[in-house]
Amino acid sequence: MAAHRCGLSLVCILIFSSLAHPSSCDTLEKANDNTAEKRSISEVNTDGSVAGEALNERQWQSTDAEVDRSDSTTHSEALTPAAARDEFQEELVIRPLHSGDIYASFQFRTLWDTDFLQEGQKVSHYRLFPKSLGQVLSKFSVRELHISFTQGFWRTMQWGQPFIPSPPGAELWVWFHDTVSDVDGNWKELTNVLSGIFCASLNFIDLTNTVQPSASFKPLGLGNATDHRFLRYATLPREIVCTENLTPWKKLLPCGSKAGLAVLMKSEKLFHSSFHSQAVHIRPICQDEQCSSKAWELRQTLNVVFDLHTSGQGKKEWSLFKMFSRTLTEACPLASSSKVYVDITDNPEGELFELSPATPLLGQAVVLGDRRTYSVYDLSRAETFGQLRSFNLLLRWKGDSGDMLRPLLHAERYVAGFGLQTGEIHTVIYNNHPYRAFPVLLMDSVPWYLQLYIHTLTVTSKSRDNKPSYIHYQPAKDRHRPHLLEMLIQLPPHSMTEVTVQFERALLKWTEYTPDPNHGFYVGSSVVSALVPSMVAMRTNFTQDQPLFSSFVPVKEESSYFVRVYTEPLLVNLPTPDFSMPYNVICLTCTVVAVGYGSFYNLLTRTFQVDEPSPPLSKRLANLIRRMRGVPLLT
Amino acid sequence: MAAPLTLLLIVAVTIRAVLFRSSWAELISERVEVVSPLNAWKRVVEGLALLDLGVSPYSGDVFHETPFMIYLFHFVVDYAEIVFMIADGITAVALYLSIQTYNKNVFRKQKYALESDRYPADCLELLRSPKEMFYIPLKVAMFYLLNPFTILSCVAKSTCGLNNAIIALFILCTLKGSALLSGILLALATYQSIYPLTLFAPALLFFLQRLYIPVNLRRSSFWFFTLQYAFIYVGSLVVITGLSFFLLGSWDFIPSVYGFIFSVPDLTPNIGLFWYFFAEMFEHFRLFFICVFQINVFFYTIPLSIKLKEHPVFLIFMQIAIISIFKSYPTVGDVALYMAFLPAWSHLYRFLRNIFLVSCVLLACSALFPVLWHLWIYAGSANSNFYYAITLLFNFGQILLVSDYFYAYLRREHHLTHGLYLKKKDGTEATLVLK
């Protein structure tokens, strides 16, 4: 059956490329035609894929790959690269958000079909893949590495789901190869090395904030690893992301920030935004449909949300120049594809905003369970840049911005209670799907100084007890290990599920407090991972021009999609000792102990005697003289 | 005498039952003075919950009870309130019977001494009369059962009440002369909270005295009995620990219970001296001071045993008091146990030097604990030093109290041999001093 499908997909690709090749100018009809094939390809792909988690990524990949294919065929004749074993792609997706903000997402992907982990064979010739990361991968036997630095919090209720979610602060999760014997040692060294590479405080990752989630973080790439002994996950919610983290990140790109999309990354603009997140994802993937050979994928992403709506001096318009203070002049010469996408799904007739320059090229992709339409600008074509040799995308809002989104899955978290002794963590998870229940995996990693009481754990949905079907709990060890709580909770349709657990705040040693102890301590975001029923499957009016045979039963790969939602990090106050008086405390306590010791010592070693008062000094002197004179002493 | 004791028990149980049903119970069970990380009921429930989840309770740092406690409460967790009330009742009855036995012994010895005319003539007013001694056991039971500290401890369901019951039973068995039961119960008390091992010395001294074996290192009978008692004690300790191993299938509880007691990793405030001291300690002196403070608890055993070798019951009192002052996680339940003995030493009252001051300090501290805790933790208008100051004063008061009783006891003994009204060489009235 699988072989048959693969065969089918090959046929599809052939048909598609033959369709794409002769047409020099793409039309909207053609783009619509493509979707049927796209679906079949992505279906095959997901059938072949190993983990459900990789679903959304896969869909992206498949749509990417297949759009690229149409281009590479046109290019290959002109360029004919000499059997390059690595390739680089860059793209920028711009999505006008409902709230009036602009979401810009850069994605850079480097593929390389080498094997870092092979014994005895040292990879020393690097072309596009950054050498610093390649060496790290081979030295520490890393199977998969995901690292993200985020400044600000992604507001799901206003902005919808991001393409690649990330929690505030730094997040690092790594799957090690199963030949590694000392995983903790490797992890420790790896965090220190990465800390150097990215100029971040990743060296503060140690055993006290590292966990091994049993179910929430499965490998996204090849390999069906399920033994979570080789997984390490840590977050630093306090990490501040700034220019010094961006610069080394940019240096990993083949073109640096000299050419291509990366010229837009000027830190003074990027960090003047509501949300900034940069990430590096490395994983092994299949190189072709049959998965006959393995390739390493390095995916660098940078997501920014600009709040141009309020800072635009009343005018609701934005352009590349306004956002980044740069315009695009060329694609990265090393890139095999370089594109800019603008999401125009909510603007099919141009009534919401006006986009200039207009593009004839349209693309469609199923992203996060929703079919989106994009205007595509191909930077590898000269005509994109027009007469001015510069590409400046301009969008002028016409209508009012839309109403609030209701994402299907949404989670938030807060601390309840007062005083510095106890407290309660509330995690609220919303399922906004009108009629479908689905399970979510909730993962919480709480530092040891908040002592969780698992017997106070309650899960309620619709004011009824909702017993989790799976609970994995690892209690904390003081100064060694954080709490890890993972639960599988079934969310009823259209409901709010509240998870509460009580904790007690510990008094720490005075050296264990941060320099500003009364600011509080951060607790990393909890992670909600779920397969969410798709919006596409939810849609009942199939008015779009699709073939009738495709629309009766909702297609499998679109029926649900994987999503990960991060809640807010918590800021928890702990009781503090007085930092100014360690000497005083040591002296005073020792005094009390000494009073105890002294009084017991006194009573133990001495005996009661009748007090014979000693004669006064004058008498003693007189007696001394009398003794010398040989006269009888005074009494 | 049974009727007043029954009445007392009924009153005590009523007070506890009312408090258990009131909204105060939850408030009390959160008080740091009443529960410590070692004996909080919340942590017992947490341990049971972890066991239900299939996680070893000792894999985390919340549960520090011994395996026996898990298995006890595994069966009686629903009747916990009754268990704690029964434990308090047992402690009170055991103390009542022990003091009754002790008083009988004291009176008998006093009679022999009188008959052999060993007391100086002016000491008659120091001697104890049966009339005065009659109500002492009841007073002891009352001091334990109606002490607010005990009531709070019981309402908070602190497992300290159970440890107190074991120690009280141990005292009863010792005073009744059952070396076997005494050894087993002492092993159990040691197993529960390690510190009671210092009670080995007074128990041994008591048995030796009872069997008229002189404490003489060259006598084989002394060694024979000592080894016998030590064998019972160590043997039962080994058996109990082994049993816990078989109950749990691992030795995890050793570091989690005894390591926790000795290394003091949890600095949650309590009424003791450890928490703030080690929160403010310089890291490289930490180990040194932990050793010093822990040795301090055991340090007094040998000198006290030498000094008080004729008075093992008073030695038991001293040891319990020292443990409850200097242990790493003390609670008011520990204080209540040694305070219950105070009526037994009511004849020392005339020699106490500063009982008024000490009582005022202890009362004021007990009232200030919740006030300063509130100011620090909830109101935010005070800081940790306020609460620390009051724990310091409270311990200072306890030390004064214990050393005062020790002084009074020694002084009375001195007067019983040398006469009450001592004269100087020149015939004027003399004052006694320690030299």
TODO: Calculate the translational D of the stretch B:100-184 in whole µm² s⁻¹ from Stokes-Einstein, where the hydrodynamic radius comes from the Kirkwood formula applied to all Cα pairs, the temperature is 37 °C and the viscosity 0.692 mPa s.
DONE: 211
Task: Cα-based convex hull volume of the stretch B:201-247 per residue, rounded to whole Å³ - done: 70
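Dipole magnitude of the protein assembly as shown about its Cα centre, charges +1 at Lys/Arg Cβ and -1 at Asp/Glu Cβ only, in debye to the nearest 20?
On the way: 89 positive and 90 negative charges, 1179 e Å.
Once rounded to the nearest 20, the dipole reads 5660 debye.
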Open item on the list: Let me check I have the definition right: for chain B, take the eigenvalues of the Cα gyration tensor, multiply each by 5, take square roots. What are those semi-axes in whole Å, largest first?
Closed with: 37, 26, 23
- [ ] Could you work out the Kirkwood radius for the stretch B:1-150, taking every pair of different alpha carbons, averaging 1/r and inverting it, reported in Å?
- [x] 18.8
Open item on the list: From the Cα trace of the stretch A:380-528, what convex hull volume per residue do you get, rounded to a whole Å³?
Closed with: 266
Task: Built amide H within the under 5 Å cut-off of B:ASN270, gap 5+ - done: B:TRP275
Task: Among B:188-199, A:435-446, the order from most to least packed when residues are scored by Cβ within 10 Å on average - done: B:188-199, A:435-446
- [ ] Set Lys and Arg Cβ to +1 and Asp and Glu Cβ to -1, take the dipole of the stretch A:263-383 about its Cα centre, and tell me which of A:LEU368, A:SER293, A:VAL263 lies farthest positive.
- [x] A:VAL263
TODO: Would you please put B:117-130, B:66-79 in order of how densely packed they are, using the mean number of other Cβ atoms within 10 angstrom per residue and starting with the highest?
DONE: B:66-79, B:117-130
TODO: Report, please, the projected area of the protein assembly as shown averaged over directions, based on the convex hull of its C-alpha atoms, in nm².
DONE: 59.5
Task: Separation of alpha-carbon centers, the stretch A:469-509 and the stretch A:326-378, rounded to whole Å - done: 42
- [ ] Restrict the search to the stretch A:574-622; then list the chymotrypsin sites (Phe, Trp or Tyr not before Pro) that DSSP places in a loop and that have at most 16 other Cβ atoms within 10 Å of their Cβ.
- [x] A:PHE579
Open item on the list: I want to check the label-to-label distance for A:SER390 and B:ARG21. Put each point 7 Å from Cα in the C-beta direction and report it in nm to one decimal.
Closed with: 8.5
Open item on the list: Restricting to DSSP H runs of at least four residues, report the calculated mean residue ellipticity at 222 nm for the protein assembly as shown, -39500 (n - 2.57) per run over all residues, nearest 500 deg cm²/dmol.
Closed with: -13500 deg cm²/dmol
Task: Dimensionless Rg/Rh of the stretch A:356-445 - Kirkwood Rh, Rg from C-alpha atoms - done: 1.20
Task: Helix runs (DSSP H) in chain B reaching 30 Å along axis by Cα, Kyte-Doolittle at least 1.0 - done: B:220-248
Open item on the list: Quick query: amide H of A:VAL367 versus all other amide H atoms, modeled in the peptide plane; which residues come in under 5 Å with a sequence gap of 5 or more or a different chain?
Closed with: A:ARG372
- [ ] List the residues of the stretch A:138-158 whose backbone N lies under 11 Å from a point placed 7 Å from the Cα of A:TYR414 along the Cα-to-Cβ direction.
- [x] none
Open item on the list: About the Cα centre, and with charges only on the beta carbon of Lys, Arg (+1) and Asp, Glu (-1), how big is the dipole of the stretch B:295-404? Nearest 20 debye, please.
Closed with: 180
- [ ] May I ask which of A:LYS619/B:LYS425; A:LYS139/A:LYS266; B:LYS131/B:LYS176; B:LYS307/B:LYS425 have a Cα-Cα span longer than 26 Å here?
- [x] A:LYS139/A:LYS266; B:LYS307/B:LYS425
- [ ] Answer rounded, prolate or oblate for the stretch B:112-261, using the Cα gyration tensor with square roots of eigenvalues a ≥ b ≥ c: rounded when a/c is under 1.5, else prolate when a/b is larger than b/c, else oblate.
- [x] oblate
Task: Most fluctuating residue given options B:ASN383, B:ASN164, B:ASN103, as computed from a GNM of chain B linking Cα atoms under 10 Å - done: B:ASN383
Task: Between the stretch B:346-423 and the stretch A:171-218, the alpha-carbon center distance in angstrom - done: 54
TODO: Using only the Cα atoms of the stretch A:119-235, build the gyration tensor, take square roots of its eigenvalues as a ≥ b ≥ c, and label the shape rounded, prolate or oblate: rounded if a/c is under 1.5, else prolate if a/b is larger than b/c, else oblate.
DONE: prolate
Open item on the list: Quick check: convex hull of the Cα atoms in the stretch B:365-432, volume per residue, rounded to a whole Å³?
Closed with: 106
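May I ask you to work out the translational diffusion coefficient for the stretch B:191-332 at 20 °C, viscosity 1.002 mPa s, via Stokes-Einstein with Rh from the Kirkwood sum over Cα pairs, reported in whole µm²/s?
Result for D is 125 µm²/s.
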- [ ] Sort A:ASP370, A:ASP307 by accessible area with a 1.4 Å probe, largest first.
- [x] A:ASP307, A:ASP370
- [ ] Could you work out how far the C-alpha centroid of the stretch A:260-288 sits from that of the stretch B:27-68, in angstrom?
- [x] 47
Open item on the list: Using only the alpha-carbon atoms of the stretch B:301-408 as identical scatterers, what base-10 log of I(q)/I(0) does the Debye formula give at q = 0.11, 0.15 Å⁻¹?
Closed with: -0.40, -0.69
Task: Area projected by the alpha carbon convex hull of the stretch A:86-146, averaged over all directions, nm² - done: 5.5
- [ ] Based solely on C-alpha atoms, express the radius of gyration and the Dmax of the stretch A:354-402 in angstrom.
- [x] 13.4, 39
TODO: Show the residues, 5+ positions off or on another chain, whose built amide H is closer than 5 Å to the amide H of A:THR345.
DONE: A:THR373
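Between B:CYS360 and A:ILE625, take the C-beta separation as r, use R0 = 41 Å, and let me know the FRET efficiency to the nearest 0.05. Present the calculation step by step, with values, prior to reporting the outcome.
Numbers: r = 52 Å, r/R0 = 1.27.
Result of the calculation: an efficiency of 0.20.
The values are calculated or read from the model by the stated rules, or taken from the named source; none is laboratory data. Remember, it's a predicted structure, so these values are computed and weren't measured experimentally. Heads up, the Cβs are rebuilt from the backbone with ideal geometry, glycines too, and the neighbour counts pull from every protein chain shown. The protein model used for the area step is the full one, side chains on, heavy atoms only, and it has no ligands, DNA or RNA in it. Shrake-Rupley method; radii C 1.70, N 1.55, O 1.52, S 1.80 Å.
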